[in-house]
Amino acid sequence: THAAFFHDITMTSQKLARIHTLEQLADLCLSATPEEINRFRNHPIAAADVVRKFSEVPPDVDTIITQHHERPDGTGFPRGSTASYISPLACVFILAHDFVDYVFDHREKASFEAFLESVERQNLGGNFTKIVDSLKAIRDKQQPKRSPTGRD
């Protein structure tokens, strides 16, 4: 929860707030100033530095914030970490953030099942796979069971 509140605390541009990868940033570079681009590329580290100053914030929140734009395939930033080097809690945060973006992007057509399928197709690896497997197990437990005859 703390990471959700603070991850973009140093951001000053709404247009950059929906960017997740450097590739997406490159698409916007024509409309962003060099200062905005540099600030954006470094905002995970800057936000983590701010959070570290608060003694009330639990440990590891700064790590989640530092890694919130990392991607399992290494295309994220600020460090370009791959799935094997992204902390488990940051993986949860990244997938939750991706789900929120998915819901906003698909509005009425959004479904948890479709999101899980799209994430599974990406073959994320590392802790991401464990989280997706856990989400699928939860989903499967909530599916209504069919009788052996096929009649409900």
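The values are calculated or read from the model by the stated rules, or taken from the named source; none is laboratory data. These figures come from a predicted structure and were not determined experimentally. Cβ sites come from the backbone with ideal geometry, for glycine too, and all protein chains shown count toward neighbours. What goes into the accessible areas is simple: the full protein's heavy atoms, side chains included, and nothing from ligands, DNA or RNA. Shrake-Rupley method; radii C 1.70, N 1.55, O 1.52, S 1.80 Å.
Quick notes on this one:
- For segment 80-123, residues that are outside any helix (DSSP H, G or I) and in contact (Cβ under 8 Å) with a residue 12 or more places away in the chain total 5.
- Exactly one residue out of A48, A3, A32 is buried (at least 17 other Cβ atoms within 10 Å of the Cβ) and touching an Asp or Glu at 6+ places or on another chain (Cβ under 6 Å), and it is A48.
- Counted residues, segment 6-25 - those being open to solvent by 60 Å² or more (accessible area, probe 1.4 Å) and without any contact (Cβ under 8 Å) to a residue 60 or more places away in the chain: 6
- I37 vs. criteria touching a Cys at 6+ places or on another chain (Cβ under 7 Å) and more than 27 Å from N123 (Cα to Cα): yes
- Per-region count, segment 1-51, residues in a loop (DSSP other than H, G, I, E, B), within 22 Å of F99 (Cβ to Cβ) and among the hydrophobic types (A, V, I, L, M, F, W, C): 4
- Considering segment 64-93, and only residues there that are over 16 Å from L22 (Cβ atoms) and over 13 Å from the mean Cα position of the chain (by Cα), the residue that is surrounded by the fewest Cβ atoms within 10 Å (Cβ to Cβ) turns out to be S84.
- Residues located in segment 52-67, provided they are over 13 Å from A3 (Cβ atoms) and either of a type in the set (G, A, S) or part of a helix (DSSP H, G or I) (or both): S55
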